[in-house]
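Here is the structure we will look at.
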Amino acid sequence: MRDLRAAGRTLVADLSGDAARAYAEAGGGVLKISHEEMAEGGFADGADVPALVRGARGLLDAAQDDGLDAVVVSRAGEGVLVVTRERVHEVRAPQTTVADHRGAGDSMTAGIVVGLARGLDLVEAVRLGASAGALNVTRRGLGTGHRDHVERFVERVEVRDLGPDGTPDGPPDSSHGGTDDDGSDHGVDDADG
């Protein structure tokens, strides 16, 4: 892990429990973890935003040499929290009809990795991940998402800056998804195709 970090590579891992703690303490880069895993692992004392932010910041504070860049907390049908030392963002995909929830977190993590590999900043990479995760649940079976659908759906994923302490600064940022100035949205025309 140190060799990859020394080479300027950003590591992303979807872990829980002792493995998440070890990754955070080693300064692994980006840790994706669910809100349930935060509570079960003893990282957060609740599932509300303040408790999850405190827990994520505890993981960030435990990192060697400030090596852990962010904790990304998925919250099932709620917005994803992107917690860094400086800020908290909520990334929210539109509600979808759930056919099968399995694989949503893995799809989200894969989307984050793809976004970072493309050179997107972390919040934009998490938008891509949220799009992939949200669309994954609309299908039965794992790995059934289509790249073009994910890339169109990401335009509907909203970002809200929750400030340094996780308190909303206002409505979702219109520069990160939602609707165009003319009010049109960017839906996925064929979620099954």
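Of the residues in the stretch 21-48, how many are of a type in the set (A, V, I, L, M, F, W, C), assigned to a helix (DSSP H, G or I), at pLDDT below 95 and buried (at least 17 other Cβ atoms within 10 Å of the Cβ)?
1
Give the number of residues within the stretch 50-99 that are in contact with a strand residue (DSSP E or B) (Cβ under 7 Å, 6 or more places away or on another chain) and among the aliphatic types (A, V, I, L, M).
Result for the stretch 50-99: 16.
Within the stretch 56-92, which residues are among the small types (Gly, Ala, Ser), more than 15 Å from the chain's Cα centre (by Cα) and modelled with pLDDT of 90 or more?
If the condition is that a residue be among the small types (Gly, Ala, Ser), more than 15 Å from the chain's Cα centre (by Cα) and modelled with pLDDT of 90 or more, then 58 is the only one that fits.
Could you tell me whether the stretch 112-129 includes any residue that is basic (Lys, Arg), over 21 Å from residue 29 (Cα atoms) and without any contact (Cβ under 8 Å) to a residue 60 or more places away in the chain?
For the stretch 112-129, residues basic (Lys, Arg), over 21 Å from residue 29 (Cα atoms) and without any contact (Cβ under 8 Å) to a residue 60 or more places away in the chain: absent.
When residues of the stretch 102-127 are filtered for being farther than 27 Å from residue 54 by Cβ and not β-branched (Val, Ile, Thr), how many remain?
The total comes to 8.
Answer with yes or no whether residue 57 is surrounded by 15 or more Cβ atoms within 10 Å (Cβ to Cβ) and on the phi < 0 side of the Ramachandran plot.
It is true that residue 57 is surrounded by 15 or more Cβ atoms within 10 Å (Cβ to Cβ) and on the phi < 0 side of the Ramachandran plot.
Please state which of the following conditions residue 116 fails to meet, knowing it meets all the rest: (1) over 15 Å from residue 10 (Cα atoms); (2) surrounded by 15 or more Cβ atoms within 10 Å (Cβ to Cβ).
(1)
The values are calculated or read from the model by the stated rules, or taken from the named source; none is laboratory data. These numbers come from a predicted model, not from an experiment. Neighbour counts run over all protein chains shown; Cβ positions are idealised from the backbone, glycine included.
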